[in-house]
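Notes follow once the structure below has been shown.
Every number in this text was worked out from the coordinates using simple rules, so none of it is lab data. Here the structure is a predicted model, which means the values were calculated and not measured. A quick note on method: Cβ atoms are made from the backbone with ideal geometry, for glycine too, and the neighbour counts reach across all protein chains shown.
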Amino acid sequence: MEEIKKCYGCGAIIQSDNEKHIGYVPKNASQREHILCQRCFQLKNYHKLQTTTLTKDDFLNLLDHIGEKDCLVVYMIDLFDFEGSRIPGLLRHIGYNDVLVLANKRDLLPKSVKERKLEHWVRRQLKEEGIKPVDVIITSAKKNMNMDKIYDAMMAYRKHRDIYVVGVTNVGKSTFINALLKHYAQVEDQNLITVSEFPGTTLDFIEIPLDENSCLYDTPGIINENQMTHFIEPEDLKKMMPQSELRPIGFQLQEKQTIYFDGLGRIDYISGAQASFITYFSRQLKIHRTKTINADALYDRHKTFTLELDGMKTIKDMKTYDFSLKPGKCDIVISGLGFITISSQGGKVKVHVPPQILVTIREAII
Ligand code: GDP
């Protein structure tokens with residue numbers, strides 16, 4: 001039987017099969033006596049953290065483990081994909097620990113929206129899940145936004161305890177920790193990561209010392225199946241995923257009109273009085289209005305679009321979602337792609353998207 005080896009940085013079982021999974025080491029390096037997994041190696045040598053993922057059960061074990069500690073939990077969510085970035089049932093697992101929420105990717109939302117408004121919106125969404133954070137800080141890890149504020153808050157709320165940073169993959173957790181390390185790490189390189197304090201487990205926390213007695217722990221994420229990044233080709237993703245501020249485009253729509261967001265999907269205004277639809281998508285996407293009666297043929301001719309997906313030959317290959325609108329304002333969210341803010345007196349809409357994409361309705365964010 002082959003001997004099981006563990007990373008001396010984080011305790012993960014060494015494997016060479018899956019680069020994204022914990023404990024990965026390239027094959028030619030896996031024979032050494034003392035092994036650091038690729039993630040620990042990068043952190044130790046380049047101060048750079050890589051994301052890894054866990055299976056669902058391992059992830060829940062990891063959260064339960066945090067629940068047994070007295071610590072500060074830093075919960076990172078993605079403002080642009082709030083639904084896709086939630087950890088369902090977080091509170092059940094982490095017990096009574098204080099939660100500091102970092103709402104990331106603020107740079108993708110229009111600059112005109114006030115930070116305060118976003119903060120209140122996040123608090124209301126969290127409240128529905130029973131989460132009452134000690135604070136919500138709006139940030140953009142990519143742009144180093146509010147880093148000092150976050151650092152100060154973490155130090156104040158941790159009250160000399162450890163910090164655990166949690167989030168699903170792609171929320172920007174490693175971008176954030178890397179920014180943090182760059183700005184505040186004053187520790188010697190060789191001390192940056194230490195042997196896991198949970199021998200015999202494969203919980204795979206990475207420890208970053210904060211002082212003599214406490215650490216910040218990075219935890220692996222879990223893949224949220226609803227995130228598009230997991231089933232769309234990288235080339236297409238580049239076009240679809242906004243890299244900078246989303247572009248708002250406004251329409252006054254009559255019933256039986258349709259808006260296509262390039263070849264990626266569409267929203268039909270089935271019934272209702274004239275209403276305002278504002279689309280927020282990547283600048284690269286072509287947004288196109290048409291009459292619903294012509295909409296199927298338009299898609300099937302493929303002339304109008306710059307982007308289409310494999311396997312989506314006709315509009316019938318897409319999945320549909322139906323929503324009833326209450327009078328007032330709401331967002332229809334196309335997870336990971338963008339959203340449409342509708343102000344109406346009530347009515348009905350139908351959304352067509354590729355089968356893997358989640359569509360939800362929520363309180364308007366803007
Ligand atoms: P992790 O899986 O949670 O560690 O996420 P990463 O740090 O690897 O980031 C996932 C993707 O989101 C990458 O393409 C990052 O460049 C991007 N990203 C991270 N933070 C931000 C941010 O503040 N704004 C924007 N626009 N993108 C970000």
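Report, to the nearest 10°, how far helix 56-67 tilts away from the longest principal axis of the Cα atoms in the chain, using its own Cα long axis and a range of 0 to 90°. The answer is roughly 60 degrees. Placing unit charges on the Cβ atoms only, positive for Lys and Arg and negative for Asp and Glu, gives segment 27-222 a dipole magnitude near 880 debye about its Cα centre.
With helices as the sole contributors, the chain gives -6500 deg cm²/dmol at 222 nm; each DSSP H run of n ≥ 4 counts as -39500 (n - 2.57), and the sum is divided by every residue. Computed from Cα atoms, the angle from the helix 147-158 axis to the main principal axis of the chain rounds to 60 degrees.
Between the residues V101, G338, A275, the greatest Cα displacement towards the positive end of the dipole of the chain, with unit charges on the Cβ of Lys, Arg, Asp and Glu, is found for A275. Given a 10 angstrom Cα cut-off, can you work out which residue in L298, L102, L309 is the most mobile in a GNM of the chain? The residue with the greatest mean-square fluctuation here is L309.
Can you find, among N61, Y24, I287, the residue farthest towards the positive end of the dipole of the chain? Put +1 on the C-beta of Lys and Arg, -1 on that of Asp and Glu. Highest projection toward the positive end goes to I287. Would you check segment 230-363 for Lys pairs whose C-alpha atoms are within less than 15 Å, ignoring same-chain pairs closer than 8 in sequence, and give me the count? Eligible lysine pairs with Cα atoms under 15 Å apart amount to 13. Across G167, G263, G328, mean-square fluctuation computed from a Gaussian network of the chain (C-alpha pairs under 10 Å connected) peaks at G328.
For the chain, what is the percent of antiparallel DSSP beta bridges, rounded to the nearest 5? Don't skip to the answer; put the middle values down first.
On the way: 51 of 74 bridges.
The answer is about 70 percent antiparallel.
Once C-alpha pairs closer than 8 Å and six or more residues apart are averaged by separation and normalised to the residue number of the chain, the relative contact order reads 15 percent.
Just N170, N178, N28 to compare: in a GNM of the chain, with alpha carbon springs under 10 Å, which one fluctuates most? Result for the chain, Cα springs under 10 Å: N28 fluctuates most.
The charge dipole of the chain, taken about its Cα centre with unit charges on the Cβ atoms of Lys, Arg (+1), Asp and Glu (-1) only, comes to about 1720 debye.
Rank the residues T219, T341, T314 as a footprinting-exposure proxy: fewest other Cβ atoms within 10 Å of their Cβ go first. Present the calculation step by step, with values, prior to reporting the outcome.
Working: T219 22, T341 19, T314 10.
By the 10 Å Cβ count, ascending: T314, T341, T219.
Loop-located trypsin sites (Lys or Arg not before Pro) in segment 30-136 (DSSP state not H, G, I, E or B) with no more than 15 neighbouring Cβ atoms inside 10 Å: R32, K48, K69, K111, K114.
Bridgeable lysines around K5 (alpha carbons under 16 Å apart, same-chain partners fewer than 8 residues away excluded): K27. Straight-line cross-link reach from K159 at under 21 Å between alpha-carbon atoms covers these lysines, not counting any fewer than eight positions away in the same chain: K69, K132, K149. Listed as lacking a disulfide-compatible partner in the chain: C10, C40, C71, C215, C330, by the criterion of no other cysteine Cβ under 4.7 Å.
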